[in-house]
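Here's the structure, in structure tokens; my notes come after.
The values are calculated or read from the model by the stated rules, or taken from the named source; none is laboratory data. A quick note: this is a predicted structure, and the numbers were derived from the prediction, not measured. Glycine also receives a Cβ, built like all others from the backbone with ideal geometry; neighbour counts cover every protein chain displayed. In case anyone asks, the SASA skips ligands and DNA or RNA and just uses the protein heavy atoms, side chains included. Shrake-Rupley method; radii C 1.70, N 1.55, O 1.52, S 1.80 Å.
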Amino acid sequence: MSRFSNNLIGILNFLTLLLSIPILVMGVWLHKQSTTECERFLEKPIIALGVFLLVVSLMGLIGSCCRVSWLLWFYLLVMFLLIVLLFAFTIFAFVVTNKGAGEAVSNRGYKEYRLGDYSNWLQNKVTDGGAWKRIRSCLASGKVCEDFQAKYLKDNVEQFHSEQLSALQVGVRYTVQHTAFLKIFKSGCCKPSEDCGFTYVSPTNWTPGTVNSTNLDCKAWNNDPKILCFDCQSCKAGLLQNLKTDWKKVAVVNIIFLIFLVIVYSIGCCAFRNNRKDNWKRY
């Protein structure tokens, strides 16, 4: 039984070692094939994750199977730091995504969102010019609005307004604070705000109306598929809603992964203790 924990740690790290190989291959493939800013943004984290899993799994595998105590100790130290960091990130993810909720719109199949309802940390991430430029590139290369146009092309205006649209596609509301007053506007990434008074032609093609709206995003709207409302402040609120939903899911997965890591760490501690006992017997 004394070698059971060592064997189990060895098996788990061998499986992790196998997992790191396709992750590394994917990162290298993205590095060679990337043509957009979005793809180039993804390649480095994927390669870093692959290298990290490879190195850590090798430490655990060699340390447990070859009874190298110092290597297994270093492996446990890295595991402990990973558990602490993952726990901190999980708490952080719940905190920064705690704010923000969509409101149902009368006679519409979608909800609207306000940028001001989200945490300041998230708002700062999308209002930064350089960061938004990269995000905008990802949205454009991901063909978010092209798919939106193709899916609802045959809808008339009544049918279109009854569709269940995503936060990035629908009209969203954002809050702009200037000196002593507060304004709330409506807009989105793939369609203009309703208060702009534009006439519906197709999901991403609208004719400017005569309504004199104070919504600054009305001027930012352009029927050019490469522009649309990607430069609208409200588009950022739609992104934050998607980000909030995704981070909530990631946080739940992190909790499950944390439980797994704690179990592996406990088994690793047993293996380390076994290594030390064996070393004592030798002397």
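Tabulated data for the structure shown
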{"read-out": "Filter result (closer than 20 Å to W132 by Cα and loosely packed, with under 14 Cβ neighbours inside 10 Å) within segment 203-221", "value": "K219"}
{"read-out": "Scan of segment 45-76 for residues that are modelled with pLDDT of 90 or more and among the hydroxyl-bearing types (S, T, Y), ordered by number", "value": "S57, Y75"}
{"read-out": "Answer residue from segment 15-33, given it is open to solvent by 70 Å² or more (accessible area, probe 1.4 Å) and closer than 12 Å to I47 by Cβ and is modelled with the highest pLDDT among those", "value": "V25"}
{"read-out": "Residues located in segment 46-57, provided they are hydrophobic (A, V, I, L, M, F, W, C) and touching a Phe, Trp or Tyr at 6+ places or on another chain (Cβ under 9 Å)", "value": "V56"}
{"read-out": "Positions within segment 225-244 being open to solvent by less than 60 Å² (accessible area, probe 1.4 Å) and of a type outside the set (A, V, I, L, M), in sequence order", "value": "C229, F230, C232, S234, C235, K236, G238, Q241, N242, K244"}
{"read-out": "Cβ pairs under 6 Å, 6+ apart, first in segment 240-255 and among the aliphatic types (A, V, I, L, M), second outside any helix (DSSP H, G or I)", "value": "L240/Y118"}
{"read-out": "Selection from segment 118-132 of residues that are assigned to a helix (DSSP H, G or I) and touching a helix residue (DSSP H, G or I) at 6+ places or on another chain (Cβ under 8 Å)", "value": "W121, L122, Q123, K125, V126, T127, A131, W132"}
{"read-out": "Residues of segment 72-92 that turn out to be under 19 Å from I62 (Cβ atoms), among the hydrophobic types (A, V, I, L, M, F, W, C) and open to solvent by less than 70 Å² (accessible area, probe 1.4 Å), as a count", "value": "6"}
{"read-out": "Any hit, segment 43-51, residues being assigned to a helix (DSSP H, G or I), touching a residue at least 60 places away in the same chain (Cβ under 8 Å) and either touching a strand residue (DSSP E or B) at 6+ places or on another chain (Cβ under 9 Å) or open to solvent by 80 Å² or more (accessible area, probe 1.4 Å) (or both)", "value": "no"}
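Each row is one residue, and each column tells you yes or no for (1) outside any loop (DSSP other than H, G, I, E, B); (2) in contact with a Ser or Thr (Cβ under 7 Å, 6 or more places away or on another chain); (3) among the β-branched types (V, I, T).
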position: W206; (1), (2), (3): yes, yes, no
position: N212; (1), (2), (3): no, no, no
position: L243; (1), (2), (3): yes, no, no
position: N254; (1), (2), (3): yes, yes, no
